[in-house]
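Visitor: Here it is, the structure in full.
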Amino acid sequence: MRTRQKFDADLLSLEQSLLSMAKCAGEMLDDAVRALVESDTELANAVKRRDDEVDVANDQIEAECMRLVIQQQPIAHDLRFVGMIFQAITDVERIADHAVDIAKIALEMETCGGYLPIVNIPRLAERVRAMYNDTVVAFAKHDIELVARVVADDDEIDDLFHEQRATLLAEMTAHPEHAILCTNLIFVAQFLERIGDRCVNIAERTHQIEKIDKPRSK
């Protein structure tokens, strides 16, 4: 019984570590978009520095997953849960990487006059951030209905991305002097769209766990 209680505590700690890592990545995303829109180079550089924080968390959680598998030899739903955490940290780490990518573009755009609202990047970012929040809550609360919303919202994100890309390509044709600016904004929109894809990955794994196993008691 004590061994089972210790293992349950380890699983809960693993889950909390992932949620902490996800919180950091979300904050990086918020700051990166704000740095872009407000031409805040100090904030952009702060986002880049925080990437190490996420990388360290990724390595620690990965090591803990391996330790639990090797030492505890979990079976059935426990093994699936550890496997899900192991996969989810990859998606969260990539979300943080995309936040850094946006921060780097914010720095680059200083050389071409800073951000111009040719398209509504904040709107796309807001929708992606809401999707990310729902993903994290769905995982934490084992909420299948919220998982379904995340997957459905990906279509809206894709539509917004394609709409903004088309607008930016048209702007580049009409105003060649904005080519560098528009190219950077296309990359930003693409990074946001990819974050949406990462959210779907995590949501679908949450659904898979909840479909196979009953929610674990907290």
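Visitor: Only one of these is more than 14 Å from the chain's Cα centre (by Cα) and either surrounded by fewer than 18 Cβ atoms within 10 Å (Cβ to Cβ) or closer than 30 Å to SER13 by Cα (or both): VAL137, VAL147. Name it. Steps first, please.
Guide: Numbers: VAL137 fails: more than 14 Å from the chain's Cα centre (by Cα).
Every option except VAL147 fails the conditions.
Visitor: So ASP197 ticks every box in (1) surrounded by 18 or more Cβ atoms within 10 Å (Cβ to Cβ); (2) within 17 Å of the chain's Cα centre (by Cα) but one. Which box is left unticked?
Guide: Against the list (1) surrounded by 18 or more Cβ atoms within 10 Å (Cβ to Cβ); (2) within 17 Å of the chain's Cα centre (by Cα), ASP197 comes up short only on (1).
Visitor: Hey, another quick one. Given (1) closer than 23 Å to GLU93 by Cα; (2) in contact (Cβ under 8 Å) with a residue 40 or more places away in the chain; (3) surrounded by fewer than 21 Cβ atoms within 10 Å (Cβ to Cβ), where does ALA189 come up short, assuming only one miss?
Guide: (3)
Visitor: Only one residue in VAL56, VAL92 is surrounded by fewer than 19 Cβ atoms within 10 Å (Cβ to Cβ) and out of contact with any strand residue (DSSP E or B) (no Cβ under 7 Å at 6 or more places or on another chain), so which one is that? Show your work before the answer.
Guide: Details: VAL92 fails: surrounded by fewer than 19 Cβ atoms within 10 Å (Cβ to Cβ).
Unique residue meeting the criteria: VAL56.
Visitor: Could you pull out the residue among LEU11, LEU68 that is under 19 Å from ILE202 (Cβ atoms), hydrophobic (A, V, I, L, M, F, W, C) and modelled with pLDDT under 95?
Guide: LEU11
Visitor: Can you spot a residue in segment 48-61 that is within 16 Å of GLN16 (Cα to Cα) and modelled with pLDDT under 95?
Guide: There is no residue in segment 48-61 that is within 16 Å of GLN16 (Cα to Cα) and modelled with pLDDT under 95.
Visitor: Looking at this structure, is ASP31 crowded, with 19+ Cβ neighbours inside 10 Å, acidic (Asp, Glu) and either part of a helix (DSSP H, G or I) or on the phi < 0 side of the Ramachandran plot (or both)?
Guide: yes
Visitor: Confirm whether MET21 is in contact with a helix residue (DSSP H, G or I) (Cβ under 6 Å, 6 or more places away or on another chain), in a helix (DSSP H, G or I), within 30 Å of GLN73 (Cβ to Cβ) and at pLDDT 95 or above.
Guide: It is true that MET21 is in contact with a helix residue (DSSP H, G or I) (Cβ under 6 Å, 6 or more places away or on another chain), in a helix (DSSP H, G or I), within 30 Å of GLN73 (Cβ to Cβ) and at pLDDT 95 or above.
The values are calculated or read from the model by the stated rules, or taken from the named source; none is laboratory data. On a predicted model such as this, the values are computed, not experimentally measured, just so you know. Here Cβ is always computed from backbone atoms with ideal geometry, including for glycine, and neighbour counts include all displayed protein chains.
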